[in-house]
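The values are calculated or read from the model by the stated rules, or taken from the named source; none is laboratory data. Nothing here was measured: the structure is a model prediction, and the numbers come from that model. As a convention, Cβ positions derive from the backbone with ideal geometry for all residues, glycine included, and neighbour counts pool all protein chains shown. Heavy atoms of the whole protein, side chains included, go into the accessibility calculation; ligands, DNA and RNA do not. Shrake-Rupley method; radii C 1.70, N 1.55, O 1.52, S 1.80 Å.
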Amino acid sequence: MVSEVTKTTKLRVGLRRMVAGILLLSFIALVVSVLQAGIVPERYLWIGLPIYGVVTAAIIWGLVSQKRFGNIHTGVLIALGVVALAITAVNIYVISTARAFDNLTSSVQSRKSSYVEYVIAAYKERNTSLNNAQSVGILSADPLYDKLTKAVKDETSANQQALDSLAELKNKLESGDLQLATIRKANMPIIEEADKTFHDNLVVLQTIRVEGEAAKQSSAINVDKPYVLYISGIDTAGKISTVSRSDVNILMVVNPAKHSILLVNTPRDYYVQLHGTTGLRDKLTHAGVYGVDMSVKTLEDLYSINIQHYIRINFTSLVTLIDAIGPIEAYSDYDFKSYHKGYNTLNSKQALEFSRERYSFQEGDRQRGRNQQHVIEAIIAKLSRTENAVKLPQIAGIIRDSVETDLSEQSIKAIIRKQLDDIHPWKVESTNVDGAGAMEPTYSYSGTPLYVMIPSNESVDAAKAKISAYLQQ
């Protein structure tokens, strides 16, 4: 008959072995998860993991070794068990974090397949429908013209007319020479700005989606050399994939060796030649209507540089990001609304208001651009702090549905690995290009002059010089 002492001893041995086994399995899973995530700097891997492994092995050996530890006080074994369980909990947390980050980077919102929305509209009070319409206008300069004509044919049998501009389409629809108009949904705010009466007299009969051009394969970024990112802030909330005007146009010039960043703001109304177009220039913000690639290439032309990658955000992105990292300390150049000159603690809603306001300032959109730079500076400063740098995977997981980028999975991992390897605040400098306000016709809407900003060549040249200096090793 087995004595109670023997039963108790076997139970204790069994519990120790079970705790040791759980610790061993969690350590193996941790190693696999960390290596797969690919964000931990190599020096931590080759030094930290072996040391951590030795400590784990010692605890496991202490728990399962009956000969060596059979006579040691029970309190020591209990302490080893508690330590083993604590380390297991830490391992599980690291595993979940690593896997969450790995899922993020593998599902980052790249433009593998993008769609552009169009509306088929008619003039109000004419009783026009998709079935009885005799004519429908389509802009011949639309980059997706061929695909668009096929999509429109599926919706209406009306005779298709190729038109040269939004202004011509507007005139024909208004006069009755045209019964339907096919318009990029992103162009509707342009029409509203140019002629609100006409805009308000339109009725949307159908919304269609047309597949855009396939995204080019993104190359991996070299995080040890200077590079340029384009930050595009679109003027919508909700889905980041929406094609829209780009109201925020900031170049982030990163010099890893000097741990410094230059932010270059270009006003939304800057009167520039859209890439690949001739004739009339256009507002920079309208480049976003033709896709983020148009904005990138137009800015490359303006500053004579190569922009490696882009990051695209909207109103929802900003709110979500600041909700994830907590309040930021943003500098204000002026007293306005509830904000004072100097540093202000902003939550997500305040940061959005701070970034969007322009009517409180004499310089209007120029100052709005500076405030947007101040918000970005504050976000970078917050993320550079140790307590937030180690939370980058969780933060990234929260915002993954609010950001679109062509940065590859490998590039995102390399950027975060670089930051974890050197957790120091970044030195951030901001600069702006300037110009003079004017009323001019635009490429996107040639019929009616719109407010634009004629670039100051002197300020553009100064920005070019600063960019060039930051791109030097």
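For the reader, a short list of remarks on this structure follows.
- The accessible area of residue 47, taken with all protein chains in place and a 1.4 Å probe, comes to roughly 100 Å².
- Net charge, residue 331 excluded, C-beta distance under 12 Å - Lys, Arg +1, Asp, Glu -1: -1
- Here Rg/Rh (Cα atoms, Kirkwood Rh) was computed from the coordinates, and among [x] 1.31; [y] 0.97; [z] 1.13 the match is [z].
- Note on the chain: helix-only mean residue ellipticity at 222 nm, from DSSP H runs of 4+ residues weighted -39500 (n - 2.57) and normalised by residue number, equals -14500 deg cm²/dmol.
- Accessible area of the chain belonging to carbon and sulfur atoms, whole % at 1.4 Å probe: 55 percent
- Dipole of the stretch 303-377, positive direction: furthest Cα of 310, 351, 321, with charges on the beta-carbon: 310
- Considering only 162, 19, 471, and ranking their Cα positions along the charge dipole of the chain that arises from unit charges at the beta-carbon of Lys, Arg, Asp and Glu, the one farthest toward the positive end is 19.
- Per residue accessible area of the chain, 1.4 Å probe, in Å²: 49 Å²
- Heavy-atom SASA rank of 46, 61, 426 (probe 1.4 Å, accessible area, largest first): 46, 61, 426
- Considering only beta bridges that DSSP places wholly inside the chain, some 70 percent are antiparallel.
- Residue 245 long-range amide H proximity, modeled H, under 5 Å: 235
- To the nearest 10, the accessible area of residue 336 is 10 Å² with a 1.4 Å probe.
- Exceeding the 29 Å Cα-Cα cut-off - candidates 225/464; 147/413; 337/413; 283/427: 147/413; 337/413; 283/427
- Within the shell of other residues whose beta carbon sits under 15 angstrom from the beta carbon of residue 31, the net charge comes to -1, with Lys and Arg scored +1 and Asp and Glu -1.
- Residue 320 sits with roughly 30 Å² accessible to a 1.4 Å probe, with DNA, RNA and ligands left out of the calculation.
- For the peptides 121-132, 405-416, the ranking by mean Cβ contacts within 10 Å, running from highest to lowest, is 405-416, 121-132.
- Dipole magnitude for the chain: about 2560 debye, using +1 per Lys or Arg Cβ and -1 per Asp or Glu Cβ, origin at the Cα centre.
- A simple count of charges around residue 469, restricted to other residues whose Cβ falls under 14 Å of its Cβ and scoring Lys, Arg +1 and Asp, Glu -1, yields +2.
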